1. With a Förster radius of 35 Å, plug the Cβ-Cβ distance of LEU201 and LYS152 into 1/(1 + (r/R0)^6) and report the FRET value to the nearest 0.05.
2. At a Cα cut-off below 21 Å, give the lysines reachable from LYS227, other chains included and same-chain residues fewer than 8 away excluded.
3. Let me understand the range 42-178 better: what is its radius of gyration from the alpha carbons, and its Dmax, in angstrom?
4. If you stretched the chain out fully between GLN143 and GLU69, how much longer would it get, using 0.36 nm times the residue separation minus the C-alpha to C-alpha distance?
5. Return the whole-Å distance between the Cα centroid of the range 199-224 and the Cα centroid of the range 66-116.
6. Out of residues 5 or more away from THR130 or on other chains, whose amide H comes under 5 Å of its own, with H placed 1.01 Å from N in the peptide plane?
7. Of the cross-linked pairs LYS172/LYS196; LYS70/LYS196; LYS70/LYS234, which ones have a Cα-Cα span greater than 26 Å in the structure shown?
8. Checking the cross-link filter: which lysines have an alpha carbon closer than 27 Å to that of LYS25, excluding same-chain neighbours under 8 positions apart?
Amino acid sequence: MRKLMSVFGVAVLFALAAGPAMAAKVELPKANGRIIPATLFLVGTSDKEGRPDAAVIDRAGIAGAVGKEKMFVYVSVRPSRQTARNIDAKGVFTLNVPSRSQLEQAGFCGSVSAISGDQYIDKFAVTGLTPVKGSQVDAPMIQECPISMECKVVKTKSFGEGSHTMYIAEVKSVWIDDSVLNGSDSKFPGYPNPVKVDSILYYPGGGAGSGFYSIGQRQGASEELFKTKYPDAKQ
Ligand SMILES: Cc1cc2nc3c(=O)[nH]c(=O)nc-3n(C[C@H](O)[C@H](O)[C@H](O)COP(=O)(O)O)c2cc1C
């Protein structure tokens, strides 16, 4: 016991002298340093013959917004994907947010290309996903996904040889399955919260822990959380 006490005492003294404990961080190669977790989208396109395609894209997000009138999103797609060829040809795509119930189909759309040699693989026919004609752009929305957006490309950016091409697009319409809306408690009239989407996130990297994850429980809104912790903070 005495020995234990003295070891404990030395450890406390050492910790006090060293200052606050720092978690150990390991530096990764830059290109593998991912932003984790990633959101998951199914990007809908069609080729010149009108054949539909859907691919999983996690390099995507909101590029910007102008008030409540305009929103811009981006998707980054490798030029070798049929999806990239379709976007290059037509300048449009749809961004569809899958829920838990479309994960198996998403797995297929993220692993199989629509073009395999001279064969065309209609991923909608294989998975049973339903292509829905948009009202704004010539690209299929996915009926089963609770949220779909029709997007028109306004700018493209390549980051050099071997990089993804980033397509920045204006959102022309947003379609939400009314079964996932929470009714009237949104702060913004006309902008109900689609909180009942059984959303999923993606942890990349391969290996046992990577893959699709369900989102857990609501933790609280930003304001209510920070005001609990920092009651005197001024906004
Ligand atoms: C979880 C996941 C995320 C992916 N993210 C991207 C991405 O951000 N960009 C990309 O070009 N491909 C991405 N892919 C790969 C494409 O979905 C895949 O190559 C698909 O087969 C392309 O189909 P297409 O050739 O019919 O367009 C991802 C795949 C998975 C499974």
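The values are calculated or read from the model by the stated rules, or taken from the named source; none is laboratory data. Because the structure is a prediction, the values reported are computed rather than measured. All Cβ positions, glycine included, derive from the backbone under ideal geometry; neighbour counts span all protein chains shown. The accessibility values were calculated without ligands, DNA or RNA, using every heavy atom of the protein model including side chains. Shrake-Rupley method; radii C 1.70, N 1.55, O 1.52, S 1.80 Å.
1. Numbers: r = 27 Å, r/R0 = 0.77.
The value I calculate is 0.80.
2. LYS187
3. So, for the range 42-178, Rg and Dmax equal 14.0, 46 Å respectively.
4. Result: 24.2 nm gained on full extension.
5. Measuring centre to centre over Cα atoms gives 20 Å.
6. GLN143, GLU144
7. Details: LYS172/LYS196 23 Å; LYS70/LYS196 24 Å; LYS70/LYS234 30 Å.
Over 26 Å apart, Cα to Cα: LYS70/LYS234.
8. Filter leaves LYS229.
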